[in-house]
C-alpha cells in the first residue's frame, strides 16, 4: 500500500471513529435488512470475558442510587446525642487529631460543633435511628443493611465521585458498570446491560460522562444515558425525510467502509462500533417499550410519588430502574445532584429529602413485592459525608457542613446482604470511625463478590499493567453478607 493510500485510509478511520453521528445514524443503515448487516459480528455482551461468574452469584442486577454532593449523615442516619450536648462548643483537638480540612473551612477561626436541627426517632424491630427528613425510609429500615463506617481518601467532589465510580481518583479508568459488562455480559441483547439516568433540573456539582465511561475497555462497555423526553436515547430514531432507498444506500456504503477499514487496520474497535450499531437497531423497538409507563397502575405512582409521572425526575427514574431490571438490564446507575450543603443546610437537605426519600423507599418495596429484590442489589449513598462542625456562621436556624471523608453512611438492600443489619460505628462526635472501617475499595470488592466475581481476578491489561476496579487492595466485607 502506498503512503498516499495509507493517509487515505487513516482519514477515513478518523472520520468513522470520531464522527458525531452516534448510534442513531448506524441504526438507520440497518432498518432495510438488519439480519444481513454485519452478520459475522456477535451481539455485544451475550457473554462477558469471564464466560460465567467465578462462583455462585447472589445478585444478578444492581441499582445504584448515587446521591451526588455528599449527603450529611448527621442529618439523616447517624444520630449523635453528644452534638446535642456540646452544640456551639469548639471541636476538640483530641477528636480532630490534626486531620486535614478543605480550603473552604481551614481558615475559619473557630470550628463550632453543631447538632442536627432535625429530630431523630427509632424505627423497626432493629430500633434504627432515622431523621424526620426520611419518613419513608424509616418504614423499610428492617430491609436495609447499613454501613456507618464508610471512608474515602478524596476530600473534593470530582476525585471523590470518580473514586467511587471507577476505583481511582484520577479520570480514565472504567466505571463499575463497564467492568460488569466486560466481565459478565448481558442477559438481554435488546437493551444495554449498563444504563445511566440523571435527575433532571439538578444543581450542584457537575457530573461527567467519564463516570459511566469505558475507560481503556472497549467502547461497547460504556453506559448508555437515558434522558427524559420523547427521545430517551439521542439520535436513536431516524430523522424524517429518509426513504427506503436512502436507508439502503446508507447501509451499503456503511458496510463497505467498515469492511475496508477493518481489513486495512485490523482495529478491534471497529467490531465494537459495529456491535453498538446493531444494539442501536434493536433499541429502536425495546427502548420505547420499556420507557412507556402508561401500563403502570395508579397504585404504583402513589407508591413512588406524583413526581413519578414526570419523566426525568428522581422518582420517575427509580420507577424506570425497576422496569429495566424486569428486562434483565444488569446495572442501572441513577445520579441525583444537589446534596452539597456548605451553607443553608437545613433548607437544602430538606428539599433533597423530599425529592428522594419516598421514591428510594418505594423502589425497595416495589422490588420486594415483585420478588425482584431476591436477586437485585440496591445501593444508596454519596461520595463522602459532612463535618460535625459548622462551616461559616452558626445561627439558631442556619448552618452549613463541609466535606468529611473520614466517615459517612450508606445503605444497601436486597440480594446477598443482611436485612436490618448495622455495620461499623463512629465516635460520639461523628468524626472518626471506631469499629469496622469500610474503604471505597472494600465496598467495590463486596459489590463484585455479590455478583459472583472475585475482584482480584477481574482484570484488564493496559499499557503493560493489569488493572482492576479495586486497584491494588480492598477486601470483601463478609460480615454484611447473608
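The values are calculated or read from the model by the stated rules, or taken from the named source; none is laboratory data. Note that the structure is predicted; figures quoted are calculated from it, not measured. Neighbour counts run over all protein chains shown; Cβ positions are idealised from the backbone, glycine included.
May I ask you to verify whether residue 430 is out of contact with any strand residue (DSSP E or B) (no Cβ under 6 Å at 6 or more places or on another chain), crowded, with 17+ Cβ neighbours inside 10 Å and at pLDDT below 95? When the stated conditions are applied, residue 430 does not pass them.
So, residue 107, is that one within 23 Å of the chain's Cα centre (by Cα) and over 30 Å from residue 218 (Cβ atoms) or not? So residue 107 fails the test.
Can you name the helices (runs of 4 or more DSSP H) wholly within the stretch 289-384 that have at least 3 residues being buried (at least 24 other Cβ atoms within 10 Å of the Cβ) and touching a strand residue (DSSP E or B) at 6+ places or on another chain (Cβ under 7 Å)? It comes to 314-326, 345-369.
Within the stretch 232-259, the residues that satisfy the criterion of being at pLDDT 75 or above and closer than 30 Å to residue 197 by Cβ are 232, 233, 240. Among the residues of the stretch 355-404, which ones are touching a helix residue (DSSP H, G or I) at 6+ places or on another chain (Cβ under 7 Å) and under 15 Å from residue 102 (Cβ atoms)? Result: 383, 384, 385, 386, 388, 400, 401.
Screening the candidates 88, 103 for the property of being in contact with a strand residue (DSSP E or B) (Cβ under 7 Å, 6 or more places away or on another chain) and farther than 28 Å from residue 355 by Cβ yields one hit, 88.
When we screen 423, 467, 389, 460 for residues that are crowded, with 24+ Cβ neighbours inside 10 Å and over 19 Å from the mean Cα position of the chain (by Cα), the only hit is 389. Criterion applied to 17, 46 was being more than 30 Å from residue 354 (Cβ to Cβ), modelled with pLDDT under 90 and not in a helix (DSSP H, G or I), and the one residue passing it is 46. Within the stretch 69-85, the set of residues being over 23 Å from residue 204 (Cα atoms), in contact with a strand residue (DSSP E or B) (Cβ under 6 Å, 6 or more places away or on another chain) and touching a residue at least 60 places away in the same chain (Cβ under 8 Å) comprises 78, 83.
Checking the stated criteria, residue 400 turns out not to satisfy the condition of being closer than 26 Å to residue 333 by Cα, over 19 Å from the mean Cα position of the chain (by Cα) and in a loop (DSSP other than H, G, I, E, B). Considering only residues in the stretch 392-420 that are touching a residue at least 40 places away in the same chain (Cβ under 8 Å) and out of contact with any strand residue (DSSP E or B) (no Cβ under 9 Å at 6 or more places or on another chain), the one that is surrounded by the most Cβ atoms within 10 Å (Cβ to Cβ) turns out to be 392. Only one of the listed residues (94, 109) is part of a helix (DSSP H, G or I), out of contact with any strand residue (DSSP E or B) (no Cβ under 8 Å at 6 or more places or on another chain), surrounded by fewer than 16 Cβ atoms within 10 Å (Cβ to Cβ) and modelled with pLDDT of 90 or more. That residue is 94. A count restricted to the stretch 58-91 and to residues that are closer than 22 Å to residue 151 by Cα and surrounded by 18 or more Cβ atoms within 10 Å (Cβ to Cβ) stands at 21. Criterion first (within 22 Å of residue 441 (Cα to Cα), over 18 Å from the mean Cα position of the chain (by Cα) and modelled with pLDDT of 95 or more) does residue 161 satisfy it? For residue 161, the condition - within 22 Å of residue 441 (Cα to Cα), over 18 Å from the mean Cα position of the chain (by Cα) and modelled with pLDDT of 95 or more - is not met.
Here is a yes/no grid of residues against (1) under 29 Å from the mean Cα position of the chain (by Cα); (2) under 25 Å from residue 438 (Cα atoms):
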residue	(1), (2)
87	no, no
91	no, yes
95	no, yes
135	yes, no
139	yes, no
147	yes, yes
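Return yes when residue 171 is surrounded by fewer than 24 Cβ atoms within 10 Å (Cβ to Cβ), modelled with pLDDT of 95 or more and within 20 Å of residue 103 (Cα to Cα) and no when it is not. The answer is no for residue 171. Every listed requirement among (1) out of contact with any helix residue (DSSP H, G or I) (no Cβ under 7 Å at 6 or more places or on another chain); (2) closer than 19 Å to residue 55 by Cβ; (3) surrounded by 21 or more Cβ atoms within 10 Å (Cβ to Cβ) is met by residue 438 save one, (2).
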